[in-house]
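Asks: What follows is a structure written as structure tokens; I'll ask about it next.
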Amino acid sequence: MNRSFATSEVPGTRFADVRWVAETGSTNRDLLEAAAEGAPEGVVLVADHQTAGRGRLDRSWIAPAGASLLVSALLRPLVGPEDLFLLTLACGLAAADAVEEVAGIRPGLKWPNDLVVADGPLADRKLAGILAESHVVNGHVDAVVVGMGLNLDWPEELPAELAATAASVNHLTGESVDREQVLVAWLHHYDRHLTAITDESERGGFLDEVRAASATLGRDVRVENSNGFFDGRAIAIADDGRLLVDCGSDGGIVSVTVGDIVHARLLG
């Protein structure tokens, strides 16, 4: 079978082992198994199609074969548990950078783990979802697998269950998008942002980029979690990646680590 991707490594980055499969259940699951078997940092797995792709809260990820960049990266990060959340934000920022570099449009980051259309008639529609999962050994995070499904070249007519909430990069550009170009650009940018996270002299600049790219800051939002929901305004992203939500005089400022964020224009 011919490979969809010729890239097997990305020189100058930590990503020295890029693997491709035509189909798998979940690239995240495959790399978590590889991590348990001792695979080093920098292994990347790309699939044309996933039969059991997942997002946060075990939601399924739907993508036609070959229409999305379905990719996971194995990391063995030199950061403490309090900073692991930054790996997800770095992935999203790198994806926005890559789409802008290759396709000429700049998506927004919807906290905590989505890439969305930044403006125009399709604003807030989802372009990508990100899922980070840890491999834990004796209570210690031994490895983190960060997976992403990025919609690049979907049909104009989306399935009914996605038509109102999702979009694809080609819907915005009117042109097909080369998955391999986006992959290589994403890995370059992700490597840069991962380095910044572990370098105190660069971390502030990284966080400034995350905040500038945010499609959530300044918005009225609803935060939904296992305890219900609350409404407020997203006012800041803290240095550890948490979202700060101002709930007014009654609720004060809440630091959010877990929850689904619904932008105000999508309520009702």
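Asks: Where does the range 92-229 land on the Kirkwood hydrodynamic radius, alpha-carbon pairs, in angstrom? Walk me through the numbers before you get to the answer.
Replies: On the way: mean 1/r = 0.0612 Å⁻¹.
After inverting the pairwise mean of 1/r, the radius is 16.3 Å.
Asks: Only sites in a loop by DSSP and with at most 13 other Cβ atoms within 10 Å count here; which GluC sites (Glu not before Pro) in the range 109-168 make the cut?
Replies: Details: sites: Glu133, Glu156, Glu157, Glu161; in loops: Glu156, Glu157, Glu161.
When the GluC sites (Glu not before Pro) of the range 109-168 are filtered for loop state and at most 13 Cβ neighbours within 10 Å, Glu156, Glu157, Glu161 remain.
Asks: Which of the GluC sites (Glu not before Pro) found in the range 1-38 are loop residues per DSSP with 16 or fewer other Cβ atoms within 10 Å of their Cβ?
Replies: Details: sites: Glu9, Glu23, Glu33, Glu37; in loops: Glu9, Glu37.
Within the range 1-38, the qualifying GluC sites (Glu not before Pro) (loop, at most 16 other Cβ atoms within 10 Å) are Glu9, Glu37.
Asks: Helix-derived [θ] at 222 nm for the chain: sum -39500 (n - 2.57) over DSSP H runs of at least 4, divide by residue count, nearest 500?
Replies: Mean residue ellipticity, 222 nm, calculated: -8000 deg cm²/dmol.
Asks: Which residues' amide hydrogens lie under 5 Å from the amide hydrogen of Ala132, considering only partners 5 or more residues apart or on another chain, with H built in the peptide plane?
Replies: Counting only residues 5 or more places away or on other chains, the set is Gly147.
Asks: Taking 0.36 nm per residue of sequence separation and subtracting the Cα-Cα distance, how much length would be gained by fully extending the chain between Ala164 and Val141, in nm to one decimal?
Replies: Details: separation 23, 0.36 × 23 = 8.28 nm, distance 3.76 nm.
Additional length available on full extension: 4.5 nm.
Asks: A further question on this structure: Using DSSP H assignments, which helices in the chain have an axial alpha-carbon span of 15 Å or above and a mean Kyte-Doolittle hydropathy of 0.0 or higher? Write out the running numbers ahead of the final one.
Replies: Working: long enough: 85-103 (27 Å, 1.48); 179-197 (26 Å, -0.22); 200-213 (20 Å, -0.73).
Answer set is 85-103.
Asks: How much of the calculated P(r) for the range 220-266 lies past 12 Å, in percent of all Cα pairs? Write down the numbers at each step before the final one.
Replies: Details: 633 of 1081 pairs.
Counting every Cα pair in the range 220-266, those more than 12 Å apart make up 59 percent.
Asks: For the chain, I need the span (max minus min coordinate) of the C-alpha atoms along each principal axis, in Å, sorted largest to smallest.
Replies: Largest first, the chain extends 60, 47, 33 Å along its Cα principal axes.
Taken together, the values in this text are just the output of simple stated rules run on the coordinates, not laboratory data. Just so it is clear, the model here is predicted, and its values are computed rather than measured. Cβ sites come from the backbone with ideal geometry, for glycine too, and all protein chains shown count toward neighbours.
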